[in-house]
1. Determine the sum of side-chain charges near LEU202: Lys and Arg each +1, Asp and Glu each -1, restricted to other residues whose C-beta is under 13 angstrom from that of LEU202.
2. Based on the mean of other Cβ atoms within 10 Å per residue, sort peptides 152-158, 459-465, 79-85 so the most packed one is first.
3. Mind giving me the nanometre distance, one decimal, between the label points for GLU627 and THR440, set 7 Å out from Cα along Cα→Cβ?
4. Which of GLU101, GLU278, GLU318 comes first, and how do the rest follow, when ranked by fewest Cβ neighbours within 10 Å?
5. Just how far, in whole angstrom, is the range 152-173 from the range 181-260 if you go by their alpha carbon centroids?
6. Give me MET436, MET65 ranked fewest to most by other Cβ atoms within 10 Å of their Cβ, as a rough exposure proxy.
7. Give the separation of the Cα centroids, the range 108-146 to the range 286-331, in Å.
8. For the pair ALA67/ARG103, report the inter-label distance in nm, with labels modelled 7 Å from Cα in the Cβ direction.
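Just so it is clear, none of the values below were taken in a lab; they were calculated from the coordinates. A quick note: this is a predicted structure, and the numbers were derived from the prediction, not measured. Cβ sites come from the backbone with ideal geometry, for glycine too, and all protein chains shown count toward neighbours.
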Amino acid sequence: MNTSRRRLLARLLQGGAVLTAAGLLPTHTVGMEKNAANMENKDKKENTKQEGSAQARQVASIAEMQALDVARLPNGQRIEVAGYYAGETLGGGSFIWYANEQREENGGTCFRAHDQAGGRFLRRLDDALTPGMFGARGDGSDQYAALKRLAQAANSQQRDVVFPAGDFALSEAGLRFEGIRITGAGASRTQLRYTGDALGSLVEIHDGARISGFTLDGNVSDDPERWSSSNYDAFTGCLPLDLRGRDVSALDMVCRGSPVACIRVEARHFTLRDVSTERARGNFGDGIFVVDSHDGIVERCQARDFTRIGFVADTYGESPEHMLSERIDFIDCLAENGHHASVDYGDAEYNAGYWAENSHAVRFIDCRSRQTTHHGFVATTGRAPSLGTGHFTLRGCIAETTAVGYLLSDLHDVPVRHAVDACQAREVDKGFCIEMTLPTSRLTGQRITTELRGTRRSGSTLALEGGGHIDIRHLDETWHVFNEKRHDSVRASYASIVSAGGFKGELHLANFQSRHSDTDAPVGCKLIGQSHLRDFTLSGTQARLFHVPAERISLQDCEIPAGWIKAFDTLDVDACRLGDDVPRFDIFDTTQHHRYRHCRFDFTPGGGHLYLHNSDKRNARHVVRFERCRFKKDLAQHGHMITLDAAPGVFLAPESNYLTFRDCTFENTGHATDTPAIRTLQRPPQAALTGYGNRKNATLNTLTAFEHDDSLMADG
């Protein structure tokens with residue numbers, strides 16, 4: 001059939017015409033349509049007769065309706081009820097009497113007549129149920145019994161529930177909704193308020209349910225005058241909101257006043273959006289506690305005034321060993337005013353804005369933590385995911401006014417992968433504490449910024465422990481309170497990089513900047529404690545280096561006014577400017593591979609010099625290569641450019657130290673002098689000095705105080 005014929009047929013049928021002569025419809029089709037129409041009209045007449053067989057009765061209340069003499073009511077009689085209670089309009093509506101109905105009475109949509117077992121009054125409904133249909137007033141009085149009936153009816157009928165504005169008090173907890181939507185008039189207008197003191201869940205949201213537009217108050221008891229380990233768990237009240245099962249969500253909510261978490265989530269595929277929590281108390285006083293959950297999003301949510309943690313992703317201690325919280329995103333959230341802590345393990349040790357443990361694939365995006373006692377963000381493994389490595393992402397986050405901005409670690413021998421991008425730690429004692437016990441654990445960072453309070457001697461941008469791999473680019477720190485004298489000594493403990501517990505891993509830094517709050521002068525980079533890194537690299541950085549020990553050290557494109565470096569295997573310095581700030585630039589080196597390329601040693605301003613130590617008696621031979629380097633110094637005023645030293649253990653070593661210079665320039669910026677540019681302090685002075693294509697200026701008369709290759713003195 002072509003398009004024009006279909007359009008013609010449609011117009012004819014709409015007009016009630018049937019053309020059999022033209023062959024558009026066969027005669028048996030016409031008969032079928034007529035029979036169907038007759039049956040439909042018959043059904044409508046029977047229904048009208050049943051429900052309209054008698055004029056609607058008017059009653060004032062549900063009780064008056066139930067008191068009707070149903071023996072005299074025709075089946076299908078319509079009853080118009082003015083209000084649930086006499087003299088009120090709340091909960092009124094239209095009912096139909098069905099004489100043969102036997103379903104269970106529920107106090108809202110189905111009523112039986114007084115002293116009458118058979119027959120029911122059934123409420124005529126559109127779609128949603130309301131509290132008023134079950135006699136619940138929002139006047140601040142106890143409405144638990146009515147709301148309990150409402151929840152049961154809504155679940156059994158799978159009808160949504162709409163709450164008006166009001167204050168609904170509940171003397172008991174345990175309102176449970178499943179597979180439906182529960183909608184209030186807005187968090188500032190509709191409140192469900194617990195008035196009891198027994199622990200439980202005020203509202204439970206189960207499989208497929210969604211709640212929005214409420215304030216839920218758990219009625220937590222007042223804070224003690226003095227917090228102690230004996231009263232941390234003494235709070236009464238209930239958990240305001242509990243989400244369980246699958247496909248659950250809460251939107252536009254305020255949940256407050258809980259002796260545990262204000263919101264608990266134990267679900268798969270869940271959403272929390274525009275939800276705020278306030279005043280969580282006790283050992284488990286968290287804002288939002290996500291446990292044993294998968295595939296969830298927490299967006300634009302806030303946690304304020306909590307005892308323990310603002311946002312948690314974790315498992316229960318008794319959960320199966322394979323259980324994890326996985327694939328959870330925290331986006332644009334705020335944790336604020338975390339105080340006191342948990343005393344589960346005998347010490348007040350847990351207080352943080354965000355905490356992810358026994359978790360995998362957790363992301364914190366554009367989140368903020370402020371005014372917490374111990375930590376801003378904590379992310380650690382604990383239980384092994386299917387791939388054996390836990391992944392955590394922090395992007396665009398801010399931790400401020402706390403002791404430690406970020407604590408990032410592995411736990412229980414489970415490797416971790418941390419990705420940190422564009423994160424800040426402000427007004428903190430330590431910016432990033434990285435504790436990775438396993439060499440397979442890894443942290444990569446981009447655009448990390450810290451603003452340190454600087455009131456403690458151990459303050460630092462990075463505090464390192466363990467043996468993992470850390471690679472950070474564009475690290476920027478500022479000290480607000482700075483004690484200049486602490487940096488005058490190499491032994492200063494007030495520095496940027498701290499490894500007090502002993503870090504044995506790999507540390508790679510690029511574009512690291514450190515400054516005072518009132519100046520752009522470089523501050524310094526220091527490793528202290530029992531550190532012995534596998535690798536340390538620094539590039540694109542201006543800083544003083546204090547106590548940097550590692551097997552392999554690489555410096556590239558750096559400006560280092562002063563330093564104390566100890567390389568045990570290799571030292572590679574490329575395109576750096578070194579040594580123009582303090583009296584000495586120390587290189588403690590025991591390696592066979594020690595090379596400087598394209599470096600500038602400008603000792604003119606501060607009068608310092610390059611001090612090469614050979615301190616390992618197991619490797620007496622000290623090999624240093626300088627390629628295309630430039631040395632500048634006022635020898636008459638400040639003395640030698642390079643000093644080669646050896647520890648007492650290698651003074652009598654049979655092998656010599658070797659220094660090789662290729663295409664280097666030595667410039668004496670002062671008056672002519674007999675002071676050598678290079679000297680040795682080892683005894684006996686066994687050293688070989690060789691050079692190729694090097695240059696010196698006219699005022700540099702004496703280069704060394706010991707034998708050397710004449711080619712070093714050549715002008716070209």
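1. Values: positive: LYS148, ARG176, ARG193, ARG256, ARG264; negative: GLU172, ASP197, GLU204, ASP217, ASP242.
Around LEU202, the surrounding residues sum to 0.
2. 459-465, 79-85, 152-158
3. Label at GLU627, label at THR440, 3.7 nm between them.
4. On the way: GLU101 15, GLU278 21, GLU318 6.
Fewest-to-most ranking of GLU101, GLU278, GLU318: GLU318, GLU101, GLU278.
5. The range 181-260 and the range 152-173 have Cα centres separated by 15 Å.
6. Working: MET436 27, MET65 21.
Listing MET436, MET65 from fewest to most nearby Cβ atoms yields MET65, MET436.
7. 38 Å
8. Here the modelled spin labels are 2.7 nm apart.
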